[in-house]
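Just so it is clear, none of the values below were taken in a lab; they were calculated from the coordinates. Fair warning: this is a prediction, and the values are worked out from it, not measured in the lab. Here the Cβ is made from the backbone with ideal geometry for all residues, glycine too, and neighbour counts use every protein chain on show.
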Amino acid sequence: MATEFEIRGLKSSIEGKEILKGIDLNIKGGEVHAIMGPNGTGKSTLASALMGHPKYEVTDGTVTLNGEDVLEMAVDERARAGLFLAMQYPSEITGVTNADFLRSAINARREEGNEISLIKFIRQMEKKMKELEMNPEFMHRYLNEGFSGGEKKRNEILQMMLLEPKLVILDEIDSGLDIDALRIVAEGVNAMRAEDRGFLIITHYQRLLNYITPDHVHVMMQGRIVKSGGPELAQRLEAEGYDWVKEELGIVDETVGQA
Ligand SMILES: Nc1ncnc2c1ncn2[C@@H]1O[C@H](COP(=O)(O)OP(=O)(O)OP(=O)(O)O)[C@@H](O)[C@H]1O
Ligand SMILES: [Mg+2]
């Protein structure tokens, strides 16, 4: 079935403070949507709210994946339904190796009795790690513990490749990556582009979008998508910054706090 991810009028608050003020977004399988926007405008909040982070209360709106109500689902159910988030700041988990974590995550999405065999899993993990030019030792390191910034980001992409999600959200996957790593990560993402998989890529820089060509580019300010366009919009933002958008829309302060 063709993937369709729909966000309608999504509002979300943190400790009583409204951050997301009505987000509408429709991502079809095969599409890459990029979200750009100044700091503190609600981009990571959108990612967290979609994944069901307990701190972010959804106060209004709907989110569906292939017609199924995502907001009704618990966090693990969202992952099982095919939602995946590569976080801006991945957490470190001591005591759980990367391989253990990934194997559990894969098996959690499978029926009981149909778990992936250890051999098959190791083979797949080794193959993907090779594609991402990761040192094999990362298989047995504790999850993200002591990983450099760039190593964490590469590891997030490794998770995405193995979990084969339906809707992939990447929050600043390019931050902290060196020039070669950026290309490798982008190639990893491009290899995962498929008719039944949608992407929502949050980034500050056009550079990433040179490698991963988006179908749609959205600008977020004050907890809303205030402007949408094609790849040329990202190019203009890179060249001219955000002032022209603010002027065009009569926005004085773009952060959510002031709206
Ligand atoms: N847990 C929280 N507690 C308090 N305030 C929060 C929390 N999470 C987000 N906010 C506030 O919500 C606003 C939007 O934050 P968010 O992280 O979504 O911004 P962003 O667009 O991702 O910014 P950046 O580009 O810097 O990553 C900010 O003012 C932030 O301080
Ligand atoms: Mg953010």
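Residues in segment 14-39 that are part of a strand (DSSP E or B) and surrounded by 19 or more Cβ atoms within 10 Å (Cβ to Cβ): how many?
Taking segment 14-39 and keeping what is part of a strand (DSSP E or B), we get 14, 17-28, 32-36.
From the residues that got through so far, the ones that are surrounded by 19 or more Cβ atoms within 10 Å (Cβ to Cβ) too are 19-20, 23, 25, 27, 32-36.
Qualifying residue count, segment 14-39: 10.
Applying the criterion of being basic (Lys, Arg) and near ligand 1 (Cβ under 10 Å from one of its atoms) to the residues of segment 21-74, the residue that is nearest to residue 215 (Cα to Cα) is 43. Picking from residues in segment 50-104 that are of a type in the set (Ser, Thr, Tyr) and closer than 26 Å to residue 175 by Cβ, the one that is surrounded by the most Cβ atoms within 10 Å (Cβ to Cβ) is 56.
Listed here are the residues, each with its yes/no results for (1) in a strand (DSSP E or B); (2) without any contact (Cβ under 8 Å) to a residue 12 or more places away in the chain; (3) among the aliphatic types (A, V, I, L, M).
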residue: 214; (1), (2), (3): no, no, no
residue: 219; (1), (2), (3): yes, no, yes
residue: 225; (1), (2), (3): yes, no, yes
residue: 247; (1), (2), (3): no, yes, no
residue: 252; (1), (2), (3): no, yes, yes
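Do we find a residue being in contact with a helix residue (DSSP H, G or I) (Cβ under 9 Å, 6 or more places away or on another chain), crowded, with 16+ Cβ neighbours inside 10 Å and free of Cβ contacts under 8 Å to residues at least 60 places away in the same chain anywhere in segment 235-245?
Keep residues of segment 235-245 that are in contact with a helix residue (DSSP H, G or I) (Cβ under 9 Å, 6 or more places away or on another chain), which gives 235-239, 244-245.
From what is left, the residues that are crowded, with 16+ Cβ neighbours inside 10 Å are 237, 245.
Add one more test, that the residue is free of Cβ contacts under 8 Å to residues at least 60 places away in the same chain, and what stays is 245.
Taking every residue of segment 235-245 in turn, at least one turns out to be in contact with a helix residue (DSSP H, G or I) (Cβ under 9 Å, 6 or more places away or on another chain), crowded, with 16+ Cβ neighbours inside 10 Å and free of Cβ contacts under 8 Å to residues at least 60 places away in the same chain.
Name the one entry in 147, 138 that is surrounded by 15 or more Cβ atoms within 10 Å (Cβ to Cβ), among the aromatic types (Phe, Trp, Tyr), touching a residue at least 40 places away in the same chain (Cβ under 8 Å) and touching a Pro at 6+ places or on another chain (Cβ under 9 Å).
147
How about segment 193-212: which of its residues are buried (at least 20 other Cβ atoms within 10 Å of the Cβ), part of a helix (DSSP H, G or I) and either among the hydroxyl-bearing types (Ser, Thr, Tyr) or out of contact with any helix residue (DSSP H, G or I) (no Cβ under 6 Å at 6 or more places or on another chain) (or both)? Talk me through it step by step, then tell me what you get.
At the first step, the residues of segment 193-212 found to be buried (at least 20 other Cβ atoms within 10 Å of the Cβ) are 197-203, 208-209, 212.
With part of a helix (DSSP H, G or I) added as a condition, the list becomes 208-209.
The one that is buried (at least 20 other Cβ atoms within 10 Å of the Cβ), part of a helix (DSSP H, G or I) and either among the hydroxyl-bearing types (Ser, Thr, Tyr) or out of contact with any helix residue (DSSP H, G or I) (no Cβ under 6 Å at 6 or more places or on another chain) (or both): 208.
Residues that are exposed (fewer than 15 other Cβ atoms within 10 Å of the Cβ) and either closer than 22 Å to residue 85 by Cα or among the hydroxyl-bearing types (Ser, Thr, Tyr) (or both) within segment 112-125 comprise just one, 117. Would you check if there is a residue in segment 165-184 being within 16 Å of ligand 2 (Cβ to nearest atom), within 27 Å of residue 79 (Cβ to Cβ), within 14 Å of the chain's Cα centre (by Cα) and without any contact (Cβ under 8 Å) to a residue 60 or more places away in the chain? Yes - at least one qualifying residue is present in segment 165-184. Scanning segment 157-176 for residues that are within 16 Å of ligand 1 (Cβ to nearest atom) and surrounded by 19 or more Cβ atoms within 10 Å (Cβ to Cβ) returns 169, 170, 171, 172, 173, 174.
Filtering segment 9-54 to residues that are touching a strand residue (DSSP E or B) at 6+ places or on another chain (Cβ under 6 Å), away from ligand 2 (no atom under 13 Å from the Cβ) and of a type in the set (Lys, Arg) leaves 11, 21, 28.
Considering segment 55-73, the residues that are acidic (Asp, Glu) and in contact with a strand residue (DSSP E or B) (Cβ under 9 Å, 6 or more places away or on another chain) include one that is nearest to ligand 2 (Cβ to nearest atom), namely 57. You will find that of 103, 80, the residue that is away from ligand 1 (no atom under 16 Å from the Cβ), basic (Lys, Arg) and farther than 15 Å from residue 156 by Cα is 80 and no other.
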